[in-house]
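Here's the structure we're looking at; comments come further down.
The values are calculated or read from the model by the stated rules, or taken from the named source; none is laboratory data. Keep in mind that what you see is a predicted model, and the values were worked out from it rather than measured. Ideal geometry is used to build each Cβ from the backbone, glycine not excepted, and the neighbour counts take in all protein chains shown.
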Amino acid sequence: MNKTIKCGELTWVNLVSPSAKEISDLAKEYFLEPLVAEELTSLTMRSKIDVYENNLYFVLHFPDTNQGPGCEIDFVIGKNFLITTQYCYLPALEKFIKNAASKEEFRKECFGNKPAALVLNILKELYDSALHQIDEMHIKTNKIEQQIFNGDEKQNLKKISLLRRDILDFQRAFYLHGGILSSFEKIFQENKHELNIVVGQYMEIKNLIENSKEIIGTLHETNESLLSTKTNEIMKVLTIMAFITFPLMLLSSIFGMNTVYTPILGMGGDFWIIIGIMFVATFGMFLFFKNKKWL
């Protein structure tokens, strides 16, 4: 839902998946650079920043564990306006917009005197949301760590794979944020304190992502090792059973041969003699495996 919020001389226009006509009308009203207007009409695959004579244009991607790899937000900063375009639903941004539209004190505090202050406050909200999502991933990681030795290796494998995907999405989305924030140091010199807070949040996110990646990687290796060990144990039991029953199949095949003369057959108690031979052969194989400590 499109929204326009004003505070003093500053105007914030937020567009959701805007049409070409909406962008065209906006470009005329706020005298946007043609290249900026063109960029707003389509999705951008990576984060970027472009500085023009009258506009500052940059793109950031923010992951959401409930929606996919990343939601794109385009920012256009002018002298007394900010335009944002979002191409999917982000709860943190929607909450910020709702508060800015309904609460005058919140609006005055977040808008400041220039668009830079508003941009940095929006980024603080989005980074704070990202930190909460990382905390949720840590909770999932701790649960997997507790369950990993309970014999549910197959179920844990799926959980670990999904968690690794979420961490990868976060890493991919935030990969280029650092370069853009570095560019802000020259552009947002009057809002250095707010910028330092945002940069601090970003560095915390970056470190937590790296830490989560290492932990889930270790858990994946441990789970794979346990799964492999269990599979090897099953194969070991099946192999031993096959070798133990091998004499039985061999003897039954020999005594089942249709020959003119077969030893033992035809003797009194021949059935029990053959059963005894089979039992001795099986018991001998069992002792052999026991002696080798394979059992």
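Is it the case that the range 158-181 has a residue that's assigned by TED's automatic domain parsing to the domain that holds Ile216, part of a helix (DSSP H, G or I), more than 13 Å from Pro63 (Cα to Cα) and of a type in the set (Asp, Glu)? Within the range 158-181 (the criterion being assigned by TED's automatic domain parsing to the domain that holds Ile216, part of a helix (DSSP H, G or I), more than 13 Å from Pro63 (Cα to Cα) and of a type in the set (Asp, Glu)), the answer is no, since none of the residues qualifies. Within the range 181-214, can you find the residues that are surrounded by fewer than 18 Cβ atoms within 10 Å (Cβ to Cβ) and of a type in the set (A, V, I, L, M, F, W, C)? Within the range 181-214, Ile187, Ile197, Met203 qualify. List the pairs whose first member sits in the range 118-129 and is within 10 Å of Glu194 (Cβ to Cβ), whose second member is in a helix (DSSP H, G or I) and of a type in the set (Asp, Glu), and whose Cβ atoms are under 7 Å apart, counting only residues at least 6 apart or on separate chains? Correct list of pairs: Leu120/Glu194. Considering the range 34-83, the residues that are polar (S, T, N, Q) and in contact with a strand residue (DSSP E or B) (Cβ under 9 Å, 6 or more places away or on another chain) include one that is nearest to Ile134 (Cα to Cα), namely Ser47.
Every residue, every condition in (1) within 21 Å of Asp25 (Cβ to Cβ); (2) at pLDDT 90 or above; (3) assigned to a helix (DSSP H, G or I), yes or no:
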| site | (1), (2), (3) |
| --- | --- |
| Leu43 | yes, no, no |
| Asp50 | no, yes, no |
| Glu53 | no, no, no |
| Lys98 | no, yes, yes |
| Ala117 | no, yes, yes |
| Leu126 | no, yes, yes |
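Among residues of the range 1-41 being part of a loop (DSSP other than H, G, I, E, B) and among the aliphatic types (A, V, I, L, M), the one that is nearest to Lys114 (Cα to Cα) is Leu32. Here Ile244, Ile273 are screened, and the one residue that is over 58 Å from the mean Cα position of the chain (by Cα) and surrounded by 12 or more Cβ atoms within 10 Å (Cβ to Cβ) is Ile273. Among (1) modelled with pLDDT of 90 or more; (2) surrounded by 12 or more Cβ atoms within 10 Å (Cβ to Cβ), where does Asn2 come up short? Going through (1) modelled with pLDDT of 90 or more; (2) surrounded by 12 or more Cβ atoms within 10 Å (Cβ to Cβ) one by one, Asn2 breaks only (1).
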